[in-house]
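First up is the structure itself, then whatever we jot down about it.
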Amino acid sequence: MRLYLFGPLRATRNDAAPLKLRAAKVQALLAWLTLEVSVPVPRNRLTALLWDGFRSDSASQSLRTALHDLRQATAPLEILCTTPRTVRLDGSHPDFWCDALLCDGWLAELDAVLNAGAPLSSEQRVSASAALELCSQEFLRDLTIADSPAFAEWLAQRRAHYSRQTERLQAA
C-alpha cells in the first residue's frame with residue numbers, strides 16, 4: 001500500500017488501484033494513525049480527536065465504523081492492529097509506504113547533519129531535494145473536518161512543521 005499525505009490524500013494498493021477512503025474522518029484517522037502512533041493508543045483518545053462533543057456511545061460507534069471501513073479499504077494488508085481498548089497502525093509493515101514517513105526520516109537525518117554544521121553528502125543532497133519537493137506541497141491539502149477541533153489543530157501544527165522545514169531546506 002502506498003499512502004500520499006502531501007497534496008490531496010491518496011492511497012493505492014501495490015497494483016496502483018486506488019483505495020476507497022471516501023469519508024473524511026476515515027482519511028483523517030488513517031493519516032493521524034500513520035504519523036502519530038507507534039504504540040497502541042486508547043480508543044477514547046481517537047474519539048476525542050475526531051468525535052469530540054459527540055455522546056460517548058455515538059463517538060465509540062463512529063470510531064468502530066471508521067476502523068471497519070479502514071480495515072476493509074486496506075485489506076488484505078493487515079496494518080491495523082486493534083483491541084477492544086486500543087488501536088495502532090503498523091507503519092513499519094514491509095508492504096506499507098507513506099511519503100510523509102519517508103520525508104520525516106529524511107528530515108531527521110538532515111537535521112542531525114545541519115545541526116552538527118557538517119556539509120551534506122551528495123546522497124543527503126538528493127534526500128534534501130526530495131524532501132523539499134514533498135514539503136513544498138500542502139500537507140493533506142483537501143482534508144477539512146469542521147466538527148473536529150483537535151484534528152484541525154493537529155493538522156495546522158503538521159502543516160506549520162512542514163512549512164518551517166521547507167524554509168530551512170531552502171536556506172541550506
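The values are calculated or read from the model by the stated rules, or taken from the named source; none is laboratory data. From a predicted model like this one, the values you see are computed outputs, not experimental measurements. FYI the Cβ positions are ideal-geometry reconstructions off the backbone, even for glycines, and counts take in every protein chain you see. With ligands, DNA and RNA removed, areas are computed over all heavy atoms of the protein, side chains included. Shrake-Rupley method; radii C 1.70, N 1.55, O 1.52, S 1.80 Å.
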* Asked: For the stretch 104-125, does any single residue satisfy the condition of being closer than 19 Å to Leu3 by Cβ and touching a helix residue (DSSP H, G or I) at 6+ places or on another chain (Cβ under 6 Å)?
  -> yes
* Asked: So which of Gly53, Gly91 ends up being of a type outside the set (S, T, N, Q) and on the phi > 0 side of the Ramachandran plot?
  -> Gly53
* Quick one: is Arg125 loosely packed, with under 14 Cβ neighbours inside 10 Å and more than 29 Å from Thr47 (Cα to Cα)? -> yes
* Scan of the stretch 138-172 for residues that are buried (at least 16 other Cβ atoms within 10 Å of the Cβ) and either within 30 Å of Asn115 (Cβ to Cβ) or in contact with a His (Cβ under 6 Å, 6 or more places away or on another chain) (or both), ordered by number -> Phe139, Leu140, Trp154, Leu155, Arg158, Tyr162, Gln165, Thr166, Arg168, Leu169
* **Top-ranked residue in the stretch 78-92 [being open to solvent by less than 40 Å² (accessible area, probe 1.4 Å) and either in a strand (DSSP E or B) or modelled with pLDDT under 90 (or both); ranked as nearest to Ala130 (Cα to Cα)]** => Gly91
* Structure fact -> The correct count of residues that are among the β-branched types (Val, Ile, Thr) and either in a strand (DSSP E or B) or within 16 Å of Pro84 (Cβ to Cβ) (or both) in the stretch 19-69 is 3
* Structure fact -> Those residues of the stretch 123-141 that are in contact with a strand residue (DSSP E or B) (Cβ under 7 Å, 6 or more places away or on another chain) and in a helix (DSSP H, G or I) come to a total of 1
